[in-house]
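The values are calculated or read from the model by the stated rules, or taken from the named source; none is laboratory data. Values in this document were obtained by computation on a predicted structure and should not be read as measured data. Note that each Cβ is placed from the backbone with ideal geometry, even for glycine, and that neighbours are counted across all protein chains shown. All accessible areas refer to the heavy atoms of the entire protein, side chains included, with ligands and DNA or RNA removed. Shrake-Rupley method; radii C 1.70, N 1.55, O 1.52, S 1.80 Å.
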Amino acid sequence: MSKLTAKVAIVTGGGRGIGRGVARALAAEGASIVIAGRTEQTGRATADEIERDFADRGARAVYVRTDVGEPDSVRAMVEAAGRELGQADILVNNATPASGMARLEKMTPEAMDEHLRVNYHGAFTAMQAVFPAMRERGYGRIINMCSLNGINAHRYTAMYNGSKEALRALTRTAAVEWAQWGITCNAICPAAVTDPWEAFVRFDPDGAQQVLDGNPMGRLGDAESDIGPLVVFLASADSGYITGNTIHADGGGHVSGVPWPFEAP
């Protein structure tokens, strides 16, 4: 029996990037997956490939169109998970806006609000929505994707940094309040190859190389094979005594702080 046989996981932003890799890693251990996100094409494609690749592990997958920035949509996502696959045992809050960078003095209130709405309020609503069933069963695993950007105070991403640090505080508070019901809450700060990273490489190859040079392992991780196994561990019974932690899955980049060398206009 695999580590997550008969478990149900919700992965927001699960259609691509880190979310997709995490969803596949969970399915490889037998979990059934709700892929939640706004982009139907990538969400359905990921759900279909999970059912194709991991049917022999007992994994099922469905796509649920979700706008994480809208509370009613998030609640409907959790209800749909219950109807389609069963009540969620695992929640991975991974979705984040894709808006660009700007200097602090040029940052718009709209950009700040969008990131707080998705990265903080969206995760908060999802956590509240899965809580009753997790409490009733005495088992729950909440894994929130946070960021090295906030920890290292990388420039030009104040909207992202602040919302992710708020999510870390939420994670730790939930860990304290919900531990009595067997619900663990942990944060991961990952560094992995994603579409935005590849776009940055094309935009500023020298700057990207400096980032890699500042990483002790000299590379960014793979979403499925480097970040996924950590999520699997935190989602499993093996991690039952671990809660309220921030874990850096970054090849050691947080130790001295990976540089953020380029200049924004």
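Below 12 angstrom from the Cβ of residue 46, what's the summed charge of the other residues (Lys, Arg +1; Asp, Glu -1)? Intermediate values should be presented prior to the final figure.
On the way: positive: 16, 20, 24, 44, 52; negative: 40, 48, 49, 51, 53, 224.
Computed value for this residue: -1.
Rounded to the nearest 0.05, what FRET efficiency is calculated for residue 264 and residue 45 with R0 set to 30 Å and r the Cβ-Cβ distance?
Approximately 0.35, to the nearest 0.05.
I need the helices of the chain that pass two filters: whole DSSP H segments spanning 24 Å or more by Cα along the axis, and mean Kyte-Doolittle score no lower than -0.5.
158-178
Tell me which of 18, 31, 215 sits at the most positive position along the dipole axis of the chain, charges placed on C-beta atoms (Lys, Arg +1; Asp, Glu -1).
Sorting the options by dipole projection puts first 31.
Report, by chain and number, residues whose modeled amide H sits under 5 Å from the one on residue 66, excluding near sequence neighbours (fewer than 5 apart, same chain).
Those lying under 5 Å, H to H, from residue 66 are 37, 38.
Of the accessible area of the range 77-202, with the probe set at 1.4 angstrom, what percent is carbon plus sulfur?
It is 53 percent, rounded to a whole number.
Take 18, 151, 142 and sort them by solvent-accessible surface of the protein heavy atoms, 1.4 Å probe, largest at the top.
Putting 18, 151, 142 in descending order of accessible area: 151, 18, 142.
Tell me, what is the FRET efficiency for residue 238 and residue 179 to the nearest 0.05, using R0 = 22 angstrom and their Cβ-Cβ distance as r?
The formula returns an efficiency of 0.85 here.
If ligands, DNA and RNA are left out, what is the accessible area of residue 85 with a 1.4 Å probe, given in Å² to the nearest 10?
30
Using r as the Cβ-Cβ distance of residue 112 and residue 52, and R0 as 45 Å, what FRET efficiency do you calculate, to the nearest 0.05?
0.65
For residue 189, what residues show an amide H to amide H distance below 5 Å, using hydrogens built from the backbone and excluding near sequence neighbours?
Residues meeting the criterion, in which the H sits 1.01 Å from N, are 146, 247, 248, 249.
Could you pull the accessible area for residue 211 with a 1.4 Å probe, rounded to 10 Å²?
10
Would you tell me the accessible area of residue 2, worked out with a 1.4 angstrom probe on the heavy atoms of the protein chains, in Å² to the nearest 10?
Here the accessible area works out near 40 Å².
Can you give the helix-only mean residue ellipticity at 222 nm for the chain, where every DSSP H stretch with n ≥ 4 adds -39500 (n - 2.57) and the sum goes over all residues, rounded to the nearest 500 deg cm²/dmol?
-13500 deg cm²/dmol
Which residue, 105, 114, 79, tops the fluctuation ranking in a GNM of the chain built on C-alpha contacts under 10 Å?
With Cα springs under 10 Å in the chain, the top fluctuation among 105, 114, 79 is at 105.
Pull up the cross-link candidates among the lysines for residue 164, meaning alpha carbon to alpha carbon under 24 Å and not fewer than 8 places away within one chain.
106
Hey, what do the phi angles of the range 110-119 turn into as Karplus ³J(HN,Hα) couplings, whole Hz, using 6.51/-1.76/1.60 and θ = phi - 60°, x for Gly and Pro?
Computed from phi, the couplings for the range 110-119 are 5, 5, 4, 5, 4, 5, 5, 5, 8, 6 Hz.
In the range 1-109, which trypsin sites (Lys or Arg not before Pro) are in a loop and have at most 13 other Cβ atoms within 10 Å, using DSSP for the loop call?
Sparse-neighbourhood loop trypsin sites (Lys or Arg not before Pro): 103.
If you count only protein heavy atoms with a 1.4 Å probe, what accessible area per residue comes out for the range 1-93, rounded to a whole Å²? Kindly include the intermediate steps, with their values, before the conclusion.
Values: 3990 Å² over 93 residues.
Value returned for the range 1-93: 43 Å² of accessible area per residue.
For residue 128, project a label point 7 Å along Cα to C-beta. Then give me every residue of the range 57-74 with its amide nitrogen under 16 Å of that point.
Correct set: 68-74.
Of [x] 49, 37, 35; [y] 76, 43, 32; [z] 54, 39, 29, which is the value of Cα extents along the principal axes in Å derived from the coordinates here?
The value computed from this structure is option [x].
Net charge around residue 182, counting only other residues with Cβ within less than 12 Å of its Cβ (Lys, Arg = +1; Asp, Glu = -1)? Display every interim value, and only then the final one.
On the way: positive: 135, 137, 141; negative: 89, 136.
That works out to +1.
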